[in-house]
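**Q** There's a structure below that I have some questions on.
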């Protein structure tokens, strides 16, 4: 006879942690199992096999989150190693060389397009043509947007003669798979690390700089981004039509801070880890929210990507050397691609195009107008445009983005303020102040302080790093919310 | 100086990594966390399937986090840091005034609430000659909104209770918790750190119910009130992880004219001589002291003389609020049947018929009633 009684379970009140499906730097497993193990292995190995150690541990790191798609990364790596060696053969004529480059780009773009954009294309075709092509429903292999771009830059650099092909396949694979930057950049140009692959030296000062960078990045992600992200999560979950004006602004400001500290924090960790192994990667962010124009903003935000598009798309297309019309065309192409790189969805394309149009406007007469305006006007102009941009970025469904913009500009009939807005504002006030200060370019001030304080300064810095690290660990142990926004790449 | 601090930095960074790593690896694996009242992640098994499906990676991460050395201390540090930055809540628990913690109560989905009230009405329809009472008790956030942090968003529970009452109409005898608890709000009728009412709060609910049933409720002076625990830090504390709180006191009301009651738990077919489970007072979650916690179905029989008993049989369909109230009823009802709607899947009306029960008390708190789909089972 069926008993009507179900099993009794213990009702637990602790929120189950949202565990990441890949190994993020900001995870206890990475910090206290993987990293100590790699550091130990690396520094106990003789110099000759250190690249191999890095390669193998990087493969373990990648396989941890992508046990199946690691094959794709290996295929991309092997083919580009082959193409690189092929290009250097003196027996090749100019058309043949071009063919090799085209082949490499084709392979990389094919992989990228298939895994990233196939469903976007299929979905749109189905909508426009009424067809019923089934979706691939494939998951996006982690880091594919980064390592394919990295490989393509390698091949083009060899073709242009600005770098020599890597003969040692272990060294090449290390370059592609290096775990600090494999998953989320910065996109490393081969020529900037070619030397370092062959010989690099780590001294106390370099390693210490790496530790400082890493700890700062970890704190940015865990203490700043994750926490202000909670505010955005709450506000964005509500129906935008019910948001008071101030809350809509508060929300998008929260998002702006979240995405900046999340991404730049991760880049800092990547750069810090690189330094610990003797690599110096290029900077990826330069206080973007201190920008005074959108042109300025894009020279400070995700620099490794914008320079990639400049060097490998804008300039080959002719840049600004083929007349005004071609230049406008080139700008629009580059920005459409930049947008769509961020995600296979119309809102990202729109986001890229939005900036493309603003940049054209600025080049035309915007910058000279701004140049004659007071500084605060320039900052305000940039801030508003950046925030509006983030609305397009944050909502994949364009109607939702539209609704949110209406809320921001008071066009939904909602009041300016509310009790709940006040609550969100004051409970996050301290955090927002810290976020604002951390966004400012205080580099010079800090150098002057360090110079003035001398020995005491370095002790304070030590204590500060320690506190940041321990506090970050505390938040990680407690974490129920630890997403990394740029993982769709 | 910088060289020295650089070395110190590297040294302490490496030391922290290796020390905590070592502490983690050396620790024995625990399976249950008292503090969090839940099972901890077991050691993940390395199989091809687990690896390829990412289940291994997922579980490994949980495993490390769940077994991290000094876990409780780290969590406490985070909670303190949140307070320092003026955050008034943690994990949906507000830290209110006077040491009160509150669980957030958002605006409920009124469609759902309507369907739940309909379920109650359907039960009443199935048993038109039965006497059905419905007691809806607010939770502490409903009773003490003035103790919330400044400007904290909160939906007034009175609205829900009034809505339920108006929708219920005559189908059942409605007891709105606000009516009989508000007059006593200045007393300790709710725990500060837990989601339940205190024994005193349950007492006032008992008085209201007795009055409605036409019984003579025992006065406060007819009880010997003892503090069985003064170390109770309940569910809100577990979830919010706030430090520096004054623990709650759990009181036991023993009648000066005690009644011999025995409890039979049908779930696992066990019998108990007492309605109080002392062993829970040594654990983190002490509320199961009352009735030994949650059971899907149990019966409590009390030795009452024929003229003492106001009622032969009563069925209580409830959530955990009833646990501290039931002992008061043993003086009036010879046979109390207790069903927890969250874990019982049979037909309530059917049970009443099978056991010849004509009187039923539905006892819920507003937070559960507004959001728990299990309520729909009432209509089965």
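**Q** Give the relative contact order (percent, whole number) for the stretch B:24-69; include only Cα pairs under 8 Å separated by 6+ residues.
**A** Values: 40 pairs, mean separation 19.6, N = 46.
Answer for the stretch B:24-69 is 43 percent.
**Q** Further question on the same structure: Return the average number of partner chain Cβ atoms within 10 angstrom of each residue Cβ along peptide A:420-432. Kindly include the intermediate steps, with their values, before the conclusion.
**A** Values: counts 4, 2, 4, 9, 2, 1, 6, 10, 3, 2, 4, 4, 1.
Across A:420-432, the average partner-chain Cβ count within 10 Å equals 4.
**Q** Measure nothing fancy, just the Cα-based angle from helix B:110-126's long axis to the longest principal axis of chain B, in degrees from 0 to 90, nearest 10.
**A** 40 degrees
**Q** A further question follows. Please state the relative contact order of the stretch B:99-379 as a whole percent: Cα pairs under 8 Å, 6+ residues apart? Each step should come with its number before you reach the end.
**A** Details: 515 pairs, mean separation 65.2, N = 281.
So the answer I get is 23 percent.
**Q** For q = 0.10, 0.16, 0.18, 0.20 Å⁻¹, what log10 I(q)/I(0) does the stretch A:25-112 give under the Debye formula with an equal point scatterer on each alpha carbon and no solvent?
**A** Per q value, in the given order, log10 I(q)/I(0) is -0.42, -0.81, -0.89, -0.96.
**Q** Okay, next question. Calculated from DSSP H runs of 4 or more alone, at -39500 (n - 2.57) each and per residue, what is the 222 nm mean residue ellipticity of chain A, nearest 500?
**A** Numbers: 22 runs with 311 residues, N = 489.
Calculated mean residue ellipticity at 222 nm is -20500 deg cm²/dmol.
**Q** With no solvent and one point per C-alpha, what does the Debye sum give as log10 I(q)/I(0) for the stretch A:267-309 at q = 0.23, 0.25 Å⁻¹?
**A** Result of the Debye calculation: -0.75, -0.82.
**Q** May I ask for the distance between the Cα centers of the stretch A:18-86 and the stretch B:236-254, given as a whole number of Å?
**A** The two parts, judged by their Cα centres, are 48 Å apart.
**Q** If you scale each eigenvalue of the Cα gyration tensor by 5 and take the root, what three semi-axes come out for the stretch B:42-86, rounded to whole angstrom and sorted largest first?
**A** After scaling each eigenvalue by five and taking roots: 32, 11, 4 Å.
**Q** Okay, moving on. Over chain B, with a Gaussian network built from C-alpha contacts below 10 Å, which listed residue (B:368, B:139, B:199) shows the highest mean-square fluctuation?
**A** Largest GNM mean-square fluctuation: B:368.
**Q** Comparing B:63, B:105, B:253, which has the greatest mean-square fluctuation in the GNM of chain B with Cα pairs linked when under 10 Å apart?
**A** Largest GNM mean-square fluctuation: B:63.
**Q** How would B:148, A:135 line up from fewest to most surrounding beta-carbon atoms within 10 angstrom?
**A** Values: B:148 21, A:135 11.
By the 10 Å Cβ count, ascending, the order reads A:135, B:148.
**Q** Take the alpha carbon atoms of the stretch A:278-401, find their radius of gyration, then divide it by 2.2 N^0.38 Å using N residues; give the quotient. Present the calculation step by step, with values, prior to reporting the outcome.
**A** Working: Rg = 15.0 Å, N = 124, 2.2 N^0.38 = 13.7 Å.
That works out to 1.09 for the stretch A:278-401.
**Q** Further question on the same structure: Would you list the P(r) distribution for the stretch A:195-317, with all Cα-Cα distances sorted into 10 Å bins from 0 and each bin expressed as a whole %?
**A** Histogramming the stretch A:195-317 at 10 Å steps yields 13, 30, 31, 19, 6, 1 percent.
**Q** Also, I was wondering about something else. Starting from the Cα of residue A:91, step 7 Å along the direction of its Cβ; do the same at residue A:445; then give the gap between the two resulting points in nm.
**A** 6.4 nm
**Q** Return P(r) of the stretch B:99-379 (all Cα-Cα pairs; 5 Å bins starting at 0; whole %; ordered from short to long distances).
**A** Binned Cα distances yield the sequence 1, 5, 12, 17, 19, 18, 14, 9, 3, 1, 0, 0.
**Q** Work out, in µm²/s and without decimals, the Stokes-Einstein translational diffusion coefficient of the stretch A:28-199 at 25 °C, 0.890 mPa s, Rh from Kirkwood over C-alpha pairs.
**A** Values: Rh = 17.6 Å.
Taking Rh from Cα pairs, D becomes 140 µm²/s.
**Q** In whole Å, how far is the Cα centre of the stretch A:312-380 from that of the stretch A:174-210?
**A** Taking the Cα centre of each part, the stretch A:312-380 and the stretch A:174-210 sit 31 Å apart.
**Q** Sticking with this one: To the nearest µm²/s, what D does Stokes-Einstein give for the stretch B:249-313 at 10 °C and 1.306 mPa s, using the Kirkwood radius over alpha carbon pairs as Rh? Walk me through the numbers on the way to the answer.
**A** Numbers: Rh = 13.3 Å.
So the translational diffusion coefficient is about 119 µm²/s.
**Q** In a Gaussian network model over chain B where Cα atoms closer than 10 Å are linked, find which of B:14, B:130, B:172 has the largest mean-square fluctuation.
**A** In the Gaussian network model the winner is B:14.
**Q** Mean separation of Cα pairs under 8 Å and 6+ residues apart, divided by the residue count of chain A: what relative contact order is that in percent? All intermediate terms of the calculation are to be shown ahead of the outcome.
**A** Values: 578 pairs, mean separation 92.9, N = 489.
Answer for chain A is 19 percent.
**Q** If you don't mind, another one. Given the rule -39500 (n - 2.57) for each run of at least 4 DSSP H residues, summed and divided by the residues of chain B, what is its mean residue ellipticity at 222 nm, to the nearest 500 deg cm²/dmol? Please report the intermediate quantities before stating the final value.
**A** Values: 13 runs with 132 residues, N = 380.
Calculated mean residue ellipticity at 222 nm is -10000 deg cm²/dmol.
**Q** If one computes the Cα centroid of the stretch A:383-456 and of the stretch B:55-85, what distance in Å separates the two points?
**A** A separation of 28 Å, based on Cα centres.
**Q** Rounded, prolate or oblate: pick one for the protein assembly as shown, where a ≥ b ≥ c are the square roots of the eigenvalues of its C-alpha gyration tensor, a/c under 1.5 means rounded, and failing that, prolate if a/b is larger than b/c, else oblate. Please report the intermediate quantities before stating the final value.
**A** Working: a/c = 2.20, a/b = 2.00, b/c = 1.10.
Here the protein assembly as shown falls in the prolate category.
**Q** Does the stretch B:229-380 classify as rounded, prolate or oblate by the C-alpha gyration tensor (a ≥ b ≥ c root eigenvalues; a/c under 1.5 gives rounded; else a/b over b/c gives prolate, otherwise oblate)?
**A** Working: a/c = 2.13, a/b = 1.28, b/c = 1.67.
Oblate, since a/c reaches 1.5 and b/c is not below a/b.
**Q** From a point 7 Å beyond the Cα of residue B:303 in the direction of its Cβ, which residues of the stretch B:253-286 have a backbone N at a distance under 11 Å?
**A** Residues passing the 11 Å test: B:259-262.
**Q** Related question: Compute the Cα gyration tensor for chain A, then decide on rounded, prolate or oblate, letting a ≥ b ≥ c be the square roots of its eigenvalues: rounded whenever a/c is under 1.5, prolate when a/b is larger than b/c in the other cases, and oblate in all that remain. Can you show the working numbers first?
**A** Details: a/c = 1.27, a/b = 1.15, b/c = 1.11.
Cα axes put chain A in the rounded bin.
**Q** For the stretch A:368-453, restrict the atom set to alpha-carbon positions and state the Rg and Dmax in Å.
**A** 18.0, 54
All of the numbers you see were taken from the coordinates with simple rules; none came from a lab. These figures come from a predicted structure and were not determined experimentally. Backbone-built Cβ (ideal geometry, glycine too); neighbour counts: all protein chains shown.
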